[in-house]
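First the structure, in the form of structure tokens, and then the observations on it.
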Amino acid sequence: MRHWALLAVGALALGGLMALSLALLRTPGVQDWLPAGYFRMALVVHVVFTVVLWYLAMLGLMSTWAASGLAEDGVAVRVPQVGALAVRGAALSFPVMAVPVLVGWGEPILNNYVPVGAHPAFFAGLVVFFGCIALPVGRLLASMPRPMEGASFGVAAAGVIYLIALWCFLLAWAGLPSDLEVHPRYEALFWGGGHILQFANTALMLVAWQVVAERLHVVPPLPQRWFRWVLAALATVAFGGPILYLLLDAADARLVTGFTDLYRYGLIVQPTVMMAALTWALLRRGVHLREPAGAGLVLSLLLFAVGGVLGYFMGEGDTRTTGHYHAVIGGVTLAFMVFLIEVVLPRLRRALTGRRWPLAFIWAYGSGQLLHAVGLWLAGTGGVARKTAGADQALSSPLEVGAMVVMGGGAVLAVFGGVTFVVLALGQLTRSRPSVA
């Protein structure tokens, strides 16, 4: 668990460093400080490490956490070789992916969900990482008792969804025509599986909400039976991904709208039920904004809700889309941060002492990410294009300039929160001896 936590926090740290430079490249007045061509390379590393590797490392961590709980109950059998192989292989894949992109060995391709550096080393690292995450997931699924209960069921459901996403990647790879051009090829390769990964991320966020809220209020926001139904529904809808690939060719343009509709209509009810239950629990049992768990739950819930609403007011190719997903992933990321400090660190006997700094990073990250997302969305209403920086943004109105300044200020605040979290978490995870329970 400690090694998975180190890996997850390390991925977030590198991705956050890239996020700060990206914000600077988009902020009027400072956008000329970094070299030309850097934006695309940094964007690939930022997205891959903060939206793919950090989230999936949390899946590895939470799968190990759930399996360790089952082992303590005498249900699961410990297989330390699997854990060691998985976490070491995943750690090795990090530099194998990052170095080729940052030194310019392969062209950075900004396709959706999993942008890539078009170099064999990058793809080798990505395949190794995906395989290493599947190992703890498979161990958890093989160890689950019947009937499955509680948070372990939720993590197992996220694991099943992850395996479905890998299945989609394989179906796309096997079905794409060999003469397809580079950019459309990678977009088509990662489009379907990338959508399904969002179901897995959402499932893990719901687990984090359920567990942290239960520790805050003693009872969970959703009764366990309802919680199982919500997570089972997420996994069931995710099976629509492989079905789409079985019905349509991998290069069929209808897959774009098919997966968009699967995400748009299949990922509403489940998180809405959990959000309503969590909101009711916070209002009825206490918000506790002076507690890291309470503040983290409120801000995570707010970010995810704002991002969900903004998702229904997006444009074509402008930063309204970017604002939507930064709010959503901000909500997921904050849920994972709080889960790590409130659940994982105490489990490892490395709990944080005091509330000031945990509250500082939670409020900084949550409020900063909200400003960042809203600024991007407002800039998009003026036509500012996605995946651009510097003069390419063509900022021509006070609204666009002001919105991007808000975006940049929010990003700096969010990065401060992220850096504080990383320092606190790494400080506890790298201490030579855990505290006595």
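Each row is one residue, and each column tells you yes or no for (1) in contact with a helix residue (DSSP H, G or I) (Cβ under 9 Å, 6 or more places away or on another chain); (2) modelled with pLDDT of 95 or more; (3) crowded, with 24+ Cβ neighbours inside 10 Å.
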site: LEU171; (1), (2), (3): yes, yes, no
site: VAL182; (1), (2), (3): no, no, no
site: ILE196; (1), (2), (3): yes, yes, yes
site: MET205; (1), (2), (3): yes, yes, yes
site: ARG215; (1), (2), (3): yes, no, no
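Is it the case that the stretch 129-138 has a residue that's over 21 Å from ILE164 (Cα atoms) and part of a helix (DSSP H, G or I)? For the stretch 129-138, residues over 21 Å from ILE164 (Cα atoms) and part of a helix (DSSP H, G or I): absent. The number of residues in the stretch 103-120 being surrounded by 18 or more Cβ atoms within 10 Å (Cβ to Cβ) and either free of Cβ contacts under 8 Å to residues at least 60 places away in the same chain or part of a helix (DSSP H, G or I) (or both) comes to 2.
Residues that are of a type in the set (Phe, Trp, Tyr) and either within 15 Å of ARG2 (Cα to Cα) or surrounded by 24 or more Cβ atoms within 10 Å (Cβ to Cβ) (or both) within the stretch 337-367 comprise PHE339, PHE361, TYR365, listed in sequence order. Checking the structure you have, find out if any residue of the stretch 63-78 is part of a helix (DSSP H, G or I), at pLDDT 90 or above and of a type in the set (A, V, I, L, M). Yes, that holds for at least one residue. Of the helices (runs of 4 or more DSSP H) lying entirely inside the stretch 229-333, those containing at least 1 residues that are within 19 Å of TRP209 (Cβ to Cβ) and in contact (Cβ under 8 Å) with a residue 60 or more places away in the chain span 269-285, 292-310. Answer with yes or no whether ARG350 is in contact with a Lys or Arg (Cβ under 7 Å, 6 or more places away or on another chain), farther than 26 Å from ALA200 by Cβ and not aliphatic (A, V, I, L, M). When the stated conditions are applied, ARG350 passes them.
None of ALA172, ALA213 is touching a residue at least 24 places away in the same chain (Cβ under 8 Å) and farther than 30 Å from ALA281 by Cα except ALA172.
Can you tell me how many residues within the stretch 271-306 are under 11 Å from HIS217 (Cβ atoms) and hydroxyl-bearing (Ser, Thr, Tyr)? Final tally of qualifying residues: 0. Please identify the pairs in which a residue from the stretch 32-53 that is of a type in the set (Ser, Thr, Tyr) has its Cβ atom under 7 Å from the Cβ atom of a residue that is assigned to a helix (DSSP H, G or I) and at pLDDT 80 or above, counting only partners at least 6 apart or on another chain. If the second residue must be assigned to a helix (DSSP H, G or I) and at pLDDT 80 or above, the pairs left are THR50/LEU12; THR50/GLY15; THR50/GLY16.
The values are calculated or read from the model by the stated rules, or taken from the named source; none is laboratory data. Fair warning: this is a prediction, and the values are worked out from it, not measured in the lab. Ideal geometry is used to build each Cβ from the backbone, glycine not excepted, and the neighbour counts take in all protein chains shown.
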